[in-house]
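To keep things clear, I will list the structure first and then write my remarks on it.
Just so it is clear, none of the values below were taken in a lab; they were calculated from the coordinates. Just so it is clear, the model here is predicted, and its values are computed rather than measured. Here the Cβ is made from the backbone with ideal geometry for all residues, glycine too, and neighbour counts use every protein chain on show.
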Amino acid sequence: MNIVVSESIRLDESGECSIEHLAELSGLSLDELSDLVESGVIEPVDESAKPASFYLRHVVTAKIARRLRDDFELDRHGVAIALTLLDRIENLERELRARR
C-alpha cells in the first residue's frame, strides 16, 4: 500500500507570496510577471512595500497567463489584454447572476 502525502494551500487573500514564488509556480518569467503588475492585472498586497508580496489567488491568474501565452502564442501585451478581458467578462457574469 502506497501512502501519498500532499500539501495544499488556499489560493485566496489569506496567504501571500513573493513574485519569485509566483514565477516558480506559474512558469512565467519575472519580466513577464512584472509586466502584469505594471499593467494592473496582478496587484501587490501593498504597493509601497519592498519587496512586494502578492496574494496567493494571483497564482491562478499567473497560470492562466502562461497558458494564454503558450496556447495562443501571445506576447506580453496580448496576455495582459486577454486577462483584462477575461476579468471583465467574469465581473459582468457575476453582475448578471446577481440581477436574476
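Summary table
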item	result
Amide hydrogen neighbours beyond the local backbone of SER53, cut-off 5 Å, H modeled	VAL45, ASP46
Backbone HN-Hα couplings from phi across the range 65-71 [Karplus 6.51/-1.76/1.60, Hz, Gly and Pro as x]	4, 5, 5, 4, 4, 6, 6
At q = 0.15, 0.16 Å⁻¹, base-10 log of I(q)/I(0) for the chain (Debye sum, equal scatterers on each alpha carbon)	-0.67, -0.74
Expected 222 nm ellipticity per residue - DSSP helices of 4 or more, -39500 (n - 2.57), all of the chain, to 500	-18000 deg cm²/dmol
Neighbourhood net charge (15 Å Cβ-Cβ; Lys/Arg +1, Asp/Glu -1) for GLU20	-3
Relative contact order %, the chain, counting alpha carbon pairs below 8 Å whose residues are six or more apart	29 percent
